[in-house]
Structures are given as C-alpha cells and as structure tokens.
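Colleague: Shown below is the structure under consideration.
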Amino acid sequence: TCSFHLRQLAKYGFVEEAGGGAGRRRPWKTVNRHISFSGMGGAEQTVAARELSTVLMGRWFARHEQWREVELAYPEWAEVTGASQFVAFLTPEEQASVQAEIRDLFGRFEDRLDPVLRPPGSRQVETVVLSHLRVSYGVGHDS
C-alpha cells in the first residue's frame, strides 16, 4: 500500500525515487524540505488547505513544545532559537515578496539534505512562518 501513496506523492512533486533498488525495495527521497499552500481556489481546495493547515500546525507546535522541554540541555541553540513576531503594513504584492525572500533564504541550505554536505556542528532546525491579517476587530481594520 505504501507504493501507491509514494507514487501519488511523486505525482505532485513531493518525493522521487532515490535509485539503487528494485520492486518493493525501491528507496525514495524527498524533493524539497518546504511546504507552502493557500486555500485559494475552489471550495474543496479551501477545505483541504484548512484541514492540512490544522494538522501541520498541531505537529509544528507539538515539536516546538518538545524543544522547549529540552532546550536547557542545548544552551548554544537555546540562544538562537525561539519565537519571533513581526507586524508590518504590507500590500499583497509586498507580502508575496517577503514570502519569496524567505523561501530563497532557506533555499541556500537545501543542498545540505545530503549529509556529506553538512558542516560540522550543524543540526536540523525547523522554522515555521505563519502569516495572517490581524482580524481582531474585523477584516480590513487596522489596530
């Protein structure tokens, strides 16, 4: 049953065959290590995006809580990780540009998926960027 799901993931560009195997013993690898999506499109796409977002955010927050439980054991990392929040007044075009710059920034390190290319002392760091309008007083209101 995994082969069907892996082929579906490959169909949409999430994984690819890594080579070196045959039949049921074919290894697969991820194509990239980032995900970006929105609910724009039809009603079904919006519902699917919301459900995926809910699942992913739950996982992200759970991993962040796991980190908080052990961060004192990693003082050099505790100093450079954590939470940040930024508020800016942007146009949709400017927000799209910010997101593209963030993708480009992390894209510089994509080759390190290959363990041979990782510098000594590097660790896997997960950065989650959430963007939304502040709607405390209704959409379109500034506070």
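The values are calculated or read from the model by the stated rules, or taken from the named source; none is laboratory data. The structure presented is a predicted model; accordingly, all values stated were derived computationally and were not measured. In this analysis, Cβ positions are derived from the backbone assuming ideal geometry, glycine residues included, and neighbour counts consider all displayed protein chains. Remember, those area values only see protein heavy atoms, side chains included, never the ligands or the DNA or RNA. Shrake-Rupley method; radii C 1.70, N 1.55, O 1.52, S 1.80 Å.
Colleague: Scan (1) modelled with pLDDT under 90; (2) out of contact with any strand residue (DSSP E or B) (no Cβ under 7 Å at 6 or more places or on another chain); (3) hydroxyl-bearing (Ser, Thr, Tyr) for the single condition Thr30 breaks and write down its number.
Modeller: Just one mismatch for Thr30, condition (2).
Colleague: Could you tell me which residue of the range 72-87 is nearest to the chain's Cα centre (by Cα), considering only residues that are open to solvent by 70 Å² or more (accessible area, probe 1.4 Å) and of a type in the set (A, V, I, L, M)?
Modeller: Among residues in the range 72-87 that are open to solvent by 70 Å² or more (accessible area, probe 1.4 Å) and of a type in the set (A, V, I, L, M), the one nearest to the chain's Cα centre (by Cα) is Ala83.
Colleague: Out of the residues in the range 73-117 meeting the condition of being part of a loop (DSSP other than H, G, I, E, B) and touching an Asp or Glu at 6+ places or on another chain (Cβ under 9 Å), tell me which one is farthest from Trp60 (Cα to Cα).
Modeller: Selected residue: Phe89.
Colleague: For the structure I just gave you, tell me whether Arg26 is among the basic types (Lys, Arg) and touching a residue at least 24 places away in the same chain (Cβ under 8 Å).
Modeller: Details: among the basic types (Lys, Arg): yes; touching a residue at least 24 places away in the same chain (Cβ under 8 Å): no.
Judged against the criteria, Arg26 is not a match.
Colleague: Continuing with the same structure: Under 8 Å by Cβ, and 6 or more places apart or on different chains, what pairs join a residue from the range 76-95 that is under 18 Å from Leu133 (Cβ atoms) with one that is open to solvent by 100 Å² or more (accessible area, probe 1.4 Å)?
Modeller: Listed by first residue and then by second, the contacts come to Val87/Arg134; Phe89/Asp142.
Colleague: Next up: Could you tell me which numbered condition Phe61 fails, if it satisfies all but one of (1) surrounded by 10 or more Cβ atoms within 10 Å (Cβ to Cβ); (2) farther than 30 Å from Trp28 by Cα; (3) not charged (D, E, K, R)?
Modeller: (2)
Colleague: Pick out the one residue from Val135, Val55, Val128 that is open to solvent by less than 90 Å² (accessible area, probe 1.4 Å), of a type in the set (A, V, I, L, M, F, W, C) and more than 26 Å from Ala10 (Cβ to Cβ).
Modeller: Val135
Colleague: Given the condition touching a residue at least 60 places away in the same chain (Cβ under 8 Å), open to solvent by 90 Å² or more (accessible area, probe 1.4 Å), more than 15 Å from Leu130 (Cβ to Cβ) and not acidic (Asp, Glu), answer yes or no: does some residue in the range 30-48 qualify?
Modeller: There is at least one residue in the range 30-48 that is touching a residue at least 60 places away in the same chain (Cβ under 8 Å), open to solvent by 90 Å² or more (accessible area, probe 1.4 Å), more than 15 Å from Leu130 (Cβ to Cβ) and not acidic (Asp, Glu).
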